[in-house]
1. For the range B:324-346, how many residues are under 18 Å from the mean Cα position of the chain (by Cα) and either more than 30 Å from residue B:184 (Cβ to Cβ) or hydrophobic (A, V, I, L, M, F, W, C) (or both)?
2. Checking residue A:22 against (1) more than 12 Å from DNA strand C (Cβ to nearest atom); (2) within 24 Å of residue B:151 (Cβ to Cβ); (3) more than 14 Å from chain B (Cβ to nearest Cβ), only one condition comes out false. Which one?
3. Among what's in the range A:27-37 and is under 25 Å from residue B:125 (Cβ atoms) and touching a helix residue (DSSP H, G or I) at 6+ places or on another chain (Cβ under 7 Å), pick the residue that is farthest from DNA strand C (Cβ to nearest atom).
4. May I ask you to verify whether residue A:251 is outside any loop (DSSP other than H, G, I, E, B) and either without any contact (Cβ under 8 Å) to a residue 60 or more places away in the chain or assigned by TED's automatic domain parsing to the domain that holds residue A:84 (or both)?
5. Give just the number: which of (1) β-branched (Val, Ile, Thr); (2) more than 12 Å from every other protein chain (Cβ to nearest Cβ); (3) buried (at least 23 other Cβ atoms within 10 Å of the Cβ) does residue A:42 not satisfy?
6. For the list (1) of a type in the set (A, V, I, L, M, F, W, C); (2) surrounded by fewer than 20 Cβ atoms within 10 Å (Cβ to Cβ); (3) away from chain B (no Cβ under 13 Å), I need the number of the one condition that residue A:139 fails.
7. Could you list, in sequence order, the residues of the range B:76-90 that are more than 7 Å from chain A (Cβ to nearest Cβ) and not aromatic (Phe, Trp, Tyr)?
Number of protein chains: 2
Amino acid sequence: MPAGEDPLMTAAGRTPAPTLELVAARAGVSRATVSRVVNGSTSVSPPIAEAVRRAVQELGYVPNRAARSLVSQQSQAIALVAPEDVNRFFGDLFFAEIVAGIDARLEASDYVLNLMIANHDPSGKTMRYLGGGAVDGAIVVSHHTSDRFLRRITDSLPVVYGGRSSIAGADTYVVDVDNVEGAAVATRRLIETGCRRIATIAGPLTMQSSIDRLAGWRQALDEAGVAAGPVVDGDFTLHGGANAMREILDWREPVDGVFIASDLMASGAVPVLLDRGIRVPEDVRIVGFDDTSAALRSGVELTTVRQPSRAMGWHMADILIGVLSGATDVPHELILPTELVVRDSA
Amino acid sequence: MPAGEDPLMTAAGRTPAPTLELVAARAGVSRATVSRVVNGSTSVSPPIAEAVRRAVQELGYVPNRAARSLVSQQSQAIALVAPEDVNRFFGDLFFAEIVAGIDARLEASDYVLNLMIANHDPSGKTMRYLGGGAVDGAIVVSHHTSDRFLRRITDSLPVVYGGRSSIAGADTYVVDVDNVEGAAVATRRLIETGCRRIATIAGPLTMQSSIDRLAGWRQALDEAGVAAGPVVDGDFTLHGGANAMREILDWREPVDGVFIASDLMASGAVPVLLDRGIRVPEDVRIVGFDDTSAALRSGVELTTVRQPSRAMGWHMADILIGVLSGATDVPHELILPTELVVRDSA
DNA sequence: TTGTACGCGTTATCAG
DNA sequence: CTGATAACGCGTACAA
């Protein structure tokens, strides 16, 4: 029989995947033995093991995931759930770093990552996927206070949140930075460099991180006895940042400093300034947040609060894997440090 | 018994997922009947169906995916495979559009999307995932000629490629644009607007789209009898584009036009020009490719070749779903039109 | 219309 | 060290 032709070809022209049974037959052993070899059990005589391995190789056998998962009650997959619009998610490099970090941790494990960019009210389909045993756990990032469905996934799976959440549970974990302090540090920088009319472009206030950064800004202002300038929601998007900056410039009184709660928004806001002939940092000082590469692309290199996004992703995955492997001493909250990165904008 | 407390709680504090059996018991019917109701079979008497639905509701029953997939031989999931570095993938908004398009098509289906950002030589883990029945089909984007592993996934799954591939098969499909023609149109625009020393910043020549765009550039030049300027690889990245532009500027003779094979590279290249006091389009004209929002963020609004990325994603998913549902009249190649979008850079 | 019984491909517990 | 055999949870002929 010529290679590539198989009498058992399906209508679709694809040969059915070989099963344990088939490998066993070819190697002249039982299914159990094949299973042992495949799973690296030591109690198999070398010659037999070798024969099995050859059969596996020849047939291109790959264990059926559904069958394995049915009996083991594990899928060896975890989901990254982002209740965001696709373009939102991809538009902010912060998420790329998070994913890269998760990926890095997963590489050394047997888990595979399923990225689920869900809308805020995911269809039953998504929920059934998450609740139907397709994944062993989930990492949730960028969640909003209005995301009710998270309650349900938290009830059925171990979940690690990126950013504090109002949703708690026995198997709920959080990796975050101190957003209040980070924002305060940013704002103090503005104050120390001489700013006295300080505005802020905030993220959507349906997100805890936005709320915290706003609080930090206010706190630093209060500490220094500096009056709070305008607060505008920039929606954590490029355009939102640009619009917010226009709004601030149209304020009744000019500002001389702006704390912008994400570099992406800042990279939308800075060009607005430059276009109007306003110099950064001479006329208006800017401090961003995140330290993604967007900080370097706005026309002025941004002074910003560095968030260890990649490490955050790594830890989220690490914690989840720990929990899934039954570790009991996993901390429920991990707060990573931020750091002020001084560049040209403030 | 108080709600929320269940004697069957696992050590992890999580109640085991209810099974068909359990629902059946509660509704006082057989498993088969519950299955019928869950799967929307019509042959169930209304009162019984109602009782079952209530039991499902009360127990929060969700079908076990592994079991269902084991018997049906389908996972209702498809994979989007991108053999790219995570930051590469997220850095280019082109992919965001593709994903958005796929997502849009999937929304109206029962399929769920698994995003797999694989390295070029994915671990056995990834291959086992793809080959182990975890997904019913795959969409592959951004593949390089060196990606040997694709051969294997093409052998075991229906695959739709985004961009022409050297890998063919009975169940292999392609959605693409005419890159040669698109690039030629771009280059003709440069020629028509008076450029005579025309360079190009290409993508990695391990990708078919890069090769095609380069060919189109050359073709347009030949047609017009214009000598070809320097060709520099910009690697389809922002920094690559910037470096490539520097290299071009250091060429022995100055250029007056550059066709840049992606907007992302162009948005890295344009600032290099502006920084050196070179005006766009007065001194050097630029035409990009893709028409992602990067075209609007480079300092000059880019004239570019629009690629219907979102529609491409949509069609890739549509074709795959068609194949999976047994359709036999699915075209193996779908070429979507490009369009020159004239803005300020040329 | 409803229930019974079998099989999907694995892993794991037993005997041998 | 190896081979039967019993689950795992579900869909579905087939029988009632």
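The values are calculated or read from the model by the stated rules, or taken from the named source; none is laboratory data. In this text, all values refer to a predicted model and were calculated from it rather than measured experimentally. Virtual Cβ from ideal backbone geometry, glycine too; neighbours counted across all protein chains shown.
1. The qualifying residues number 3.
2. Answer for residue A:22: the failing condition is (1).
3. If we take residues in the range A:27-37 being under 25 Å from residue B:125 (Cβ atoms) and touching a helix residue (DSSP H, G or I) at 6+ places or on another chain (Cβ under 7 Å), then A:27 is farthest from DNA strand C (Cβ to nearest atom).
4. Taking the combined requirement at face value, the residue does not satisfy it.
5. Evaluating residue A:42 over (1) β-branched (Val, Ile, Thr); (2) more than 12 Å from every other protein chain (Cβ to nearest Cβ); (3) buried (at least 23 other Cβ atoms within 10 Å of the Cβ) leaves (3) as the failure.
6. (2)
7. Of the residues in the range B:76-90, the ones more than 7 Å from chain A (Cβ to nearest Cβ) are B:76-85, B:88-89.
Once the filter is applied, which keeps residues that are more than 7 Å from chain A (Cβ to nearest Cβ) and not aromatic (Phe, Trp, Tyr), the range B:76-90 yields B:76, B:77, B:78, B:79, B:80, B:81, B:82, B:83, B:84, B:85, B:88.
A quick yes/no check of all residues on (1) in contact (Cβ under 8 Å) with a residue 40 or more places away in the chain; (2) within 16 Å of DNA strand D (Cβ to nearest atom):
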site: B:102; (1), (2): yes, no
site: B:107; (1), (2): no, no
site: B:112; (1), (2): no, yes
site: B:127; (1), (2): no, no
site: B:135; (1), (2): yes, no
